[in-house]
Amino acid sequence: MKIQLNRRSVEVEGDVLTVRLLLDRMNFSFPLIIVKVNGLLVPRDDYGKASVHEGDRVEVIHLMSGG
Amino acid sequence: MEERIVRRLLGEKSVAIAGAGGLGSNCAALLARAGIGRLVIADFDVVSLSNLNRQFFFRDQVGMKKVEALKTNIFRIDPGVVVEAWETKLDPEKIASLFQDCDVVVEALDRADMKAMLIETAVKLWPGRPLVAASGLAGFGGNNRLRTRILGDLTLCGDGESEVSLEDPPLGPRVAAVAALQANRVLEVLLKVPATGRRRR
């Protein structure tokens, strides 16, 4: 399926994926991230439940320490 | 927009600032100067000598609670600002009670896991309320890598990639630049200006 990942069109295997699987497949191994699917923030505890479908807009943002 | 109108509009607004370190102390000072009516600031730390390279504190404030020192410094700029200073380590319950009636939340925390906790908590508690966070401010240089990403109600300021470490310490200019991006974005959302940097002619 084709999704928009960080505003770029990417092809990922499968018709539907959990956020957790998507992160694994796209090699987002960095532990502290924020994930938004179609504009809605997905809480960390829901990565195994929340799903990503064809055409979805996904944003994965790294949170870096420092402030 | 004339400055007197800016100040009148901002004078009715409340801004929550989570953290009073490099980002929070500088952002709070800028918001006070801009005329924000009420600042609700939470931080658990005390001012140390090593903070003075970037944080809006002074030598004679070393050892003071950061929220108390910041309140003092804001009053020296403008005694008319209402400052609520909470010496506390934020968790979801405290965020819910302290920041309940604020118009915007500024994420100015140090650790990435705390940033994630604040963002998740605020988005869950108050969908639709603007949240201005920061990620990536370590080191020096790279002016043009600093940017503002607007993702719905969540804004992220910074380069999004540099992490503070021994080799890449937090230094005044870049930290203050990101704090200023955050303060500028707060003004933008509160004054309902359409888009960053867009200019009408």
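The values are calculated or read from the model by the stated rules, or taken from the named source; none is laboratory data. Not measured: the values here are computed from a predicted model. Counting neighbours? That spans all protein chains shown, and the Cβs are built from the backbone with ideal geometry, glycine included. Keep in mind that these areas ignore ligands, DNA and RNA; they rest on the heavy atoms of the full protein, side chains included. Shrake-Rupley method; radii C 1.70, N 1.55, O 1.52, S 1.80 Å.
Details
- Out of B:45, B:91, B:110, sole residue that is away from chain A (no Cβ under 14 Å), closer than 30 Å to residue B:161 by Cβ and of a type in the set (D, E, K, R): B:91
- Strands (runs of 3 or more DSSP E) fully within the range B:1-115 that include at least 3 residues being open to solvent by 10 Å² or more (accessible area, probe 1.4 Å) and hydrophobic (A, V, I, L, M, F, W, C): B:82-87.
- Remark: residue B:98 falls outside the filter, which requires a residue to be modelled with pLDDT of 95 or more and either within 12 Å of chain A (Cβ to nearest Cβ) or under 19 Å from residue A:36 (Cα atoms) (or both).
- Restricted to strands (runs of 3 or more DSSP E) entirely inside the range A:27-67, those with at least 1 residues that are more than 12 Å from chain B (Cβ to nearest Cβ), surrounded by fewer than 17 Cβ atoms within 10 Å (Cβ to Cβ) and at pLDDT 95 or above are A:51-53.
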